[in-house]
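The values are calculated or read from the model by the stated rules, or taken from the named source; none is laboratory data. Because the structure is predicted, anything quoted here is derived from the model rather than measured. Here the Cβ is made from the backbone with ideal geometry for all residues, glycine too, and neighbour counts use every protein chain on show. Note: areas computed on protein heavy atoms with side chains; ligands, DNA, RNA excluded. Shrake-Rupley method; radii C 1.70, N 1.55, O 1.52, S 1.80 Å.
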Amino acid sequence: MRRVLFILLLLVVMAVAALFGGYRYWQSRLAAPIAISESTLYEVPRGAGYHQVVSELVARGVIEDAWAFRALARLEPQSLPRLRPGEFRLEPGMSGRELLERLGSEQLVTYPLTIPEGWTFRQMRDALEAAPKLEHRTEGLTDDEVMALLDREGEHPEGWFFPDTYLYHKGMSDLELLEQAHSRMRATLDEVWAERADDLPFETPYEALIMASLIERETGAPEERREIAGVFKRRLERGMRLQTDPTVIYGMGERYAGNITRADLRESTPYNTYVIDGMPPTPIALPGREALEAAVDPLPGETLYFVAKGDGTHHFSRTLREHNNAVNRYIRNR
């Protein structure tokens, strides 16, 4: 009887040792470096499950001990990450466990998309359509249909998207980036409007957005923005037309070929501020924060006119005679 018990005990000890050794070996395979010699891009397909990803990694030669990763799903299911769709960068020396953690992390490979200040919404849509890793959900849709998808049905899109550099990853859609830019613009406009001056010649944040778009299109020189805003403010207060060329260009649409003629200045469009009183009905571009801040805090002064000097800046004048002299100097002579 003692001998039988001894044998049974020996067998139990051997079994425990074998199990422990097997467990240690299994853990060592999960901790072993993955089989790549250089940085590798791997994409988790949308909707892919754990076993599908393991099979793909085995097929690509990234991991070798498929059994160890399949056993993980059975023995430690609680340790499995929730896989995120998108691209991840795998590095040499990573362990199998580190690989799995990476595929469930926020360390997605991202790509920049820059929307410059002063672009139109049409230019922004063109840039989105050209982004190679983006899912194009708005391609072929009208602007009205895009705004309806953003829960802004009936809202004119121009001006409502904040210009900036946005990061996206494969699997994101153009609609998601539009939502980000739209939220940024609304939040920024609210912040800027809350700090507005008391004597503005307009009463709503949307009118400030329109004014900011005019300022953005008139100058790329940061130091001029508030002075441009001051000129527009004083002209509105005195009942003078704004007479700003970018509104003429916007009203011409695709007909604009690089030059404005006298006939263009006389053409009656909703945006031609040589013809209409006050501001155009909508923004004409996507203004940045500095243009928004200038719109609600114009520079005090007496200037009522400005003309481009040809170097990116403007000459400002108080009287029409001074302005005409500046036009002769900077435009007609050139």
Query raised in the report: Taking the chain as a Gaussian network, Cα atoms linked when under 10 Å apart, which of M252, M185, M124 shows the biggest mean-square fluctuation?
Result: M252
Query - In Å², nearest 10: area of E91 left accessible to a 1.4 Å probe - result: 70
**Report entry** Net charge contributed by nearby residues that have their C-beta within less than 13 Å of I260 (K/R +1, D/E -1)
**Finding:** 0
Report summary line: When the chain is treated as a Gaussian network with springs between alpha carbons less than 10 Å apart, the largest mean-square fluctuation among A148, A291, A212 is found at A148
Query - Heavy-atom accessible area order for R84, R70, largest first, 1.4 Å probe - result: R70, R84
Query - Among P92, F306, T219 - extreme Cα towards positive end, dipole of the chain, charges at beta-carbon - result: P92
Query raised in the report: Using the heavy atoms of the protein chains alone and a 1.4 angstrom probe, what is the accessible area of the chain per residue in square angstrom?
Result: 55
Query raised in the report: According to the Cα gyration tensor, what semi-axes, each the square root of 5 times an eigenvalue, does the equivalent ellipsoid of the chain have, listed from largest to smallest in whole Å?
Result: 66, 19, 18
Requested in this report: Calculate for the chain the 222 nm mean residue ellipticity that helices alone would give, adding -39,500 (n - 2.57) per DSSP H run of length 4 or more and normalising by residue count, nearest 500 deg cm²/dmol.
Outcome: -14000 deg cm²/dmol
Query raised in the report: Residue separation times 0.36 nm, minus the C-alpha to C-alpha distance between A263 and D151: what's the value?
Result: 36.4 nm
Query - Computed E for A73/R122 - FRET, C-beta separation, R0 51 angstrom, nearest 0.05 - result: 0.55
Report task. Could you work out the relative contact order of the stretch 193-308, using alpha carbon pairs under 8 angstrom and six or more residues apart, expressed as a whole percent? Result -> 42
Report summary line: In the chain, taking the dipole from +1 charges on Lys and Arg beta carbons and -1 charges on Asp and Glu beta carbons about the Cα centre, the listed residue (S55, A197, S173) farthest towards the positive end is S55
Query - Largest-first ordering by accessible area, 1.4 Å probe, given options D65, D143, D311 - result: D311, D143, D65
Report task. Just the number, please: carbon plus sulfur as a percent of the accessible area of the chain, 1.4 Å probe, no ligands or DNA/RNA counted. Result -> 50
Report task. Keeping all protein chains in position, work out how much accessible area V307 exposes to a 1.4 Å probe, and write it in Å² to the nearest 10. Result -> 10
**Report entry** For the chain, built as a Gaussian network whose Cα springs stay under 10 Å, the top-fluctuating residue of L80, L304, L236
**Finding:** L80
Report summary line: Summing +1 per Lys or Arg and -1 per Asp or Glu among the other residues with Cβ less than 9 Å from P287's Cβ gives -1
**Report entry** Area accessible to solvent at Y168, 1.4 Å probe radius, in Å²
**Finding:** 10
Report task. Hydropathy first: keep DSSP H helices in the chain averaging at least -0.5 on Kyte-Doolittle, then drop any whose Cα extent along the axis falls short of 27 Å, and list what survives. Result -> 2-31, 174-194
Report summary line: Given 25 °C, 0.890 mPa s and a Kirkwood radius over Cα pairs, the Stokes-Einstein diffusion coefficient of the stretch 128-197 in µm²/s is 187
Report task. Under 12 Å from the Cβ of A197, count the other residues' Cβ atoms, weight Lys and Arg +1, Asp and Glu -1, and hand me the total. Result -> -2
